[in-house]
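J.: Structure provided below as structure tokens; questions to follow.
The values are calculated or read from the model by the stated rules, or taken from the named source; none is laboratory data. Keep in mind that what you see is a predicted model, and the values were worked out from it rather than measured. Cβ: placed from backbone, ideal geometry, glycine included. Neighbour counts: every protein chain shown.
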Amino acid sequence: MSTPDFIDECRILVRAGDGGRGCSSFRTEKFVPRGGPDGGNGGRGGSVLFTGDAGITTLLDTHHRKHYRAPRGAHGKGARKNGRSGADLVLRLPLGTVVKDDETGEMLHELLQEGESWIAAEGGKGGRGNACFATSTNRAPERAEPGEARPERWLRLELKLLADVGLLGFPNAGKSTLISRVSAARPRIASFPFTTLQPHLGMVEVGETRFVIADIPGLIPGAHSGAGLGLRFLRHVERTRMFVHLLDPEPTLRGENGRTPESDYAALRHELAAYSAALAERPEHVVLTKADLVTDPGERKLVAEGLYAQGLEPRWISAVTGEGIAGLLQDLARELEAS
């Protein structure tokens, strides 16, 4: 069964409802020759609201529907009958959605909490009927106000995933395999680059601790400037509290020139720092994957010698045999609880 498309950016048009028109009328009942003004007020126009919903993980719905217009308020009537207000239009969006003005690029709001609401377009005020303008010197005013008109505007929605742990690594480093083993997430897995074309979130439970882990599509050198798929997905690591660098030993085992765990690690660190200096300061774990391919302790030490030379203490894991995974998850849970 295929999963819904992951859409993390879209452009939409929003418009609140205009206010209803105030009424100009006078009482004309029998035996009431000077009944006076009795025009009611117009109703308020409906507003367009954005609400955070943890059950939504993509902007797919807003990608397919571009226009969102709230209904206008009803006009006032005679006998002091006020117009009904227009219903608010509520648009539910995933947590982590950033709202920007499409023309200026100005950030307007971020939806970070479940149930949090923000008024994207406020409904127009209803116009006052002539009954509101009666005074001791003007007992028969004919004046009534029109409802407040509301303009439309284009907004840009950008989704930045909210995750506790982000899995980073070159294509085929084992990110998708790991997240499929430790959570209920089921990303596509195959042995060719860029199998993962969209981020995946998984919920991990370690004892009483629960945290969200994100499989970020593979980064390559130059990702921060648009190479590969990196630029499209780098923003999803901005709110990640901790990184796990997954390093593939296979290029070294095959004797490929220029590809070593330490060179991959340096490239990943460079891409993070080039995109945002703050990201390079986040807590991290360095992990060598596919431990089932390197079972000899001496060979493992040889593969990781470049990392040891940098003062790093990489650990080995295997998503096939499960080696090292429990210990990694326990350490992640402990550090997240302490932070």
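J.: Is there a residue in segment 120-135 that is assigned to a strand (DSSP E or B) and aliphatic (A, V, I, L, M)? Steps first, answer last, please.
T.: Residues of segment 120-135 that are assigned to a strand (DSSP E or B), as a first pass: 120-121.
Of the ones still in play, those that are also aliphatic (A, V, I, L, M) are 120-121.
Within segment 120-135 (the criterion being assigned to a strand (DSSP E or B) and aliphatic (A, V, I, L, M)), the answer is yes, since at least one residue qualifies.
J.: When the residues of segment 60-80 are filtered to those that are outside any loop (DSSP other than H, G, I, E, B) and in contact (Cβ under 8 Å) with a residue 60 or more places away in the chain, which remaining residue is farthest from the chain's Cα centre (by Cα)?
T.: Only one residue tops the list, namely Arg69.
J.: In addition: Could you figure out which of (1) assigned to a strand (DSSP E or B); (2) in contact (Cβ under 8 Å) with a residue 60 or more places away in the chain; (3) surrounded by 19 or more Cβ atoms within 10 Å (Cβ to Cβ) isn't true of Leu13?
T.: The one condition Leu13 does not meet is (3).
J.: Could you look through segment 250-262, keep only residues that are polar (S, T, N, Q) and in contact (Cβ under 8 Å) with a residue 24 or more places away in the chain, and pick out the one that is surrounded by the fewest Cβ atoms within 10 Å (Cβ to Cβ)? Spell out the reasoning first.
T.: At the first step, the residues of segment 250-262 found to be polar (S, T, N, Q) are 252, 257, 260.
Okay, now just the ones that are also in contact (Cβ under 8 Å) with a residue 24 or more places away in the chain, so 252, 260.
Working: Thr252: 22, Thr260: 19.
Checked segment 250-262; the qualifying residue surrounded by the fewest Cβ atoms within 10 Å (Cβ to Cβ) is Thr260.
J.: Here's something else I'd like to know. Taking the stated definitions as given, is Leu89 among the hydrophobic types (A, V, I, L, M, F, W, C) and over 25 Å from Arg241 (Cα atoms)?
T.: Yes, satisfied.
J.: Another one. Considering segment 17-59 alone, what residues qualify as being hydrophobic (A, V, I, L, M, F, W, C), at pLDDT 85 or above and over 23 Å from the mean Cα position of the chain (by Cα)?
T.: Cys23, Phe26 - these are the residues of segment 17-59 that are hydrophobic (A, V, I, L, M, F, W, C), at pLDDT 85 or above and over 23 Å from the mean Cα position of the chain (by Cα).
J.: Could you list, in sequence order, the residues of segment 287-339 that are loosely packed, with under 13 Cβ neighbours inside 10 Å, in contact with a strand residue (DSSP E or B) (Cβ under 8 Å, 6 or more places away or on another chain) and acidic (Asp, Glu)?
T.: Listed by number, the residues that qualify are Glu313, Glu337.
J.: Is segment 100-117 home to any residue that is polar (S, T, N, Q), in a loop (DSSP other than H, G, I, E, B) and under 23 Å from Arg15 (Cβ atoms)?
T.: Yes, that holds for at least one residue.
J.: Can Ala144 be described as at pLDDT 95 or above and either among the charged types (D, E, K, R) or in the same structural domain as Leu60 (by TED's automatic domain parsing) (or both)? It would help to see each step written out before you state the result.
T.: Details: at pLDDT 95 or above: yes; either among the charged types (D, E, K, R) or in the same structural domain as Leu60 (by TED's automatic domain parsing) (or both): yes.
Spelling it out, Ala144 is indeed at pLDDT 95 or above and either among the charged types (D, E, K, R) or in the same structural domain as Leu60 (by TED's automatic domain parsing) (or both).
J.: While we're here: Examine segment 295-316 for a residue that is assigned to a loop (DSSP other than H, G, I, E, B), closer than 19 Å to Ser180 by Cβ and in contact (Cβ under 8 Å) with a residue 40 or more places away in the chain, and state whether such a residue exists. Walk me through it before giving the result.
T.: Step one: filter segment 295-316 for residues assigned to a loop (DSSP other than H, G, I, E, B), giving 295-296, 304, 310-314.
Filter again for closer than 19 Å to Ser180 by Cβ, leaving none.
No, there is no match, as no residue in segment 295-316 is assigned to a loop (DSSP other than H, G, I, E, B), closer than 19 Å to Ser180 by Cβ and in contact (Cβ under 8 Å) with a residue 40 or more places away in the chain.
J.: Out of segment 83-114, which residues are small (Gly, Ala, Ser), closer than 18 Å to Ala70 by Cβ and surrounded by 15 or more Cβ atoms within 10 Å (Cβ to Cβ)?
T.: Matches in segment 83-114: Gly83, Ser85, Gly86.
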